[in-house]
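Peer 1: Could you have a look at this structure, given as structure tokens, before my questions?
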Amino acid sequence: MTTRIWTAALAVIGDEILSGRTQDKNIAQIATWLNVQGIRLAEVRVVPDKTDAIVEAVNVLRARNDYLFTTGGIGPTHDDITVDAIAEALGVPVVYHPQAVAVLEAYYTTRGGLTEARKRMARVPEGADLIENRMSGAPGIRVSNIFIMAGVPHITAGMLDALTGTLEGGLPVLSRTIGCWVGESEIADLLREAEKSHEGVAIGSYPFFRDGRTGANFVVRATDAALADRCIADLTRALEATGRTVVAGGI
């Protein structure tokens with residue numbers, strides 16, 4: 001019997017990310033949040049502010065994953081085209097969501113009123129639901145298996161909080177880490193055997209060079225805590241049997 005693995009993809013939308021002007025901080029926080037929900041972030045694609053590119057990415061990523069998250073391109077300006085592109089990908093029109101209009105009207109009552117530019121943030125693909133945004137008024141959007149979110153990290157965090165517990169997932173992935181002063185190529189066979197002999201475990205090797213020495217941290221991941229513990233214990237013993245010192249928790 002196998003455990004159902006739920007996956008998600010993330011499309012990071014914005015020329016500013018590709019140009020290097022803005023450094024993305026959403027990948028890590030979305031990946032961490034998804035894991036707690038029992039969903040694995042399987043792939044990430046960075047997409048320019050071009051309709052064709054967004055449509056292509058959305059249709060590919062939503063088809064091969066349970067969920068697709070997008071960040072960026074849902075603001076009030078002309079170059080915020082994410083909503084239009086996703087509507088095109090789904091083959092539906094863009095409409096004003098009445099609840100979103102009401103939320104924005106309330107939010108901007110003491111902030112200069114709801115202008116036409118600000119009202120753009122109430123546009124959604126037809127049939128969409130809203131994701132609450134307690135930070136800045138403009139809601140996120142949920143349509144089909146797609147979650148359209150802000151690009152500003154703290155606003156994204158608030159939207160994730162609103163979604164917590166609402167997505168179906170599996171068991172969260174747990175991790176255990178050890179470190180060792182060794183070149184990973186020296187113990188590649190040992191790592192391969194450890195992973196092979198503990199079905200359901202994945203072992204990641206992360207080498208580094210520090211203080212004139214070569215070392216690596218090894219991360220054991222599994223959905224079963226007991227399995228992860230057994231693997232890390234066996235891997236520790238195998239490394240120590242080669243005469244090396246193992247550091248629990250990593251170096």
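A quick yes/no check of all residues on (1) at pLDDT below 95; (2) within 18 Å of the chain's Cα centre (by Cα):
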position	(1), (2)
44	no, yes
49	no, no
62	no, yes
67	no, yes
84	no, no
92	no, no
113	yes, no
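Peer 1: I need the full set of residues from the stretch 63-82 which are crowded, with 22+ Cβ neighbours inside 10 Å and not aromatic (Phe, Trp, Tyr), in order please.
Peer 2: 68, 70, 71, 72, 73, 74, 82
Peer 1: Take the conditions open to solvent by 60 Å² or more (accessible area, probe 1.4 Å), of a type in the set (Asp, Glu) and farther than 21 Å from residue 128 by Cβ and apply them to residue 43. Does it pass?
Peer 2: So residue 43 does not fit the description; no.
Peer 1: A further question on this structure: Mind checking which residues of the stretch 193-227 are under 23 Å from residue 3 (Cβ atoms), part of a helix (DSSP H, G or I) and open to solvent by 70 Å² or more (accessible area, probe 1.4 Å)?
Peer 2: Listed by number, the residues that qualify are 195, 196.
Peer 1: Being among the acidic types (Asp, Glu), open to solvent by 20 Å² or more (accessible area, probe 1.4 Å) and under 13 Å from residue 143 (Cα atoms) is true for just one of 56, 88. Which residue is that?
Peer 2: That would be 88, the only listed residue that is among the acidic types (Asp, Glu), open to solvent by 20 Å² or more (accessible area, probe 1.4 Å) and under 13 Å from residue 143 (Cα atoms).
Peer 1: Okay, next question. Could you list all residues from the stretch 115-137 that are at pLDDT below 95 and crowded, with 21+ Cβ neighbours inside 10 Å?
Peer 2: Answer for the stretch 115-137, where residues must be at pLDDT below 95 and crowded, with 21+ Cβ neighbours inside 10 Å: just 133.
Peer 1: Just a yes or no: is a residue in the stretch 4-19 assigned to a helix (DSSP H, G or I), under 22 Å from residue 175 (Cβ atoms) and not aliphatic (A, V, I, L, M)?
Peer 2: No - not one qualifying residue is present in the stretch 4-19.
Peer 1: Mind checking which residues of the stretch 75-101 are polar (S, T, N, Q) and under 26 Å from residue 48 (Cβ atoms)?
Peer 2: Scanning the stretch 75-101 gives 77, 82.
Peer 1: For the stretch 52-65, state whether one or more residues are at negative phi and in contact with a Leu (Cβ under 6 Å, 6 or more places away or on another chain).
Peer 2: yes
Peer 1: Still on this structure, please answer the following. If a residue has to be surrounded by 14 or more Cβ atoms within 10 Å (Cβ to Cβ), within 27 Å of residue 69 (Cα to Cα), in contact with a helix residue (DSSP H, G or I) (Cβ under 9 Å, 6 or more places away or on another chain) and of a type in the set (Val, Ile, Thr) to count, how many in the stretch 153-184 make the cut?
Peer 2: 2
Peer 1: Okay, moving on. Are there any strands (runs of 3 or more DSSP E) wholly within the stretch 23-138 with 3 or more residues that are in contact with a Gly (Cβ under 8 Å, 6 or more places away or on another chain) and free of Cβ contacts under 8 Å to residues at least 24 places away in the same chain, and if so which?
Peer 2: none
The values are calculated or read from the model by the stated rules, or taken from the named source; none is laboratory data. This structure is a prediction, so every number in the text was calculated from the model and none was measured. Cβ coordinates were reconstructed from backbone atoms using ideal geometry, including for glycine residues, and neighbour counts include every protein chain displayed. SASA here: full protein model, heavy atoms, side chains in, ligands and nucleic acids out. Shrake-Rupley method; radii C 1.70, N 1.55, O 1.52, S 1.80 Å.
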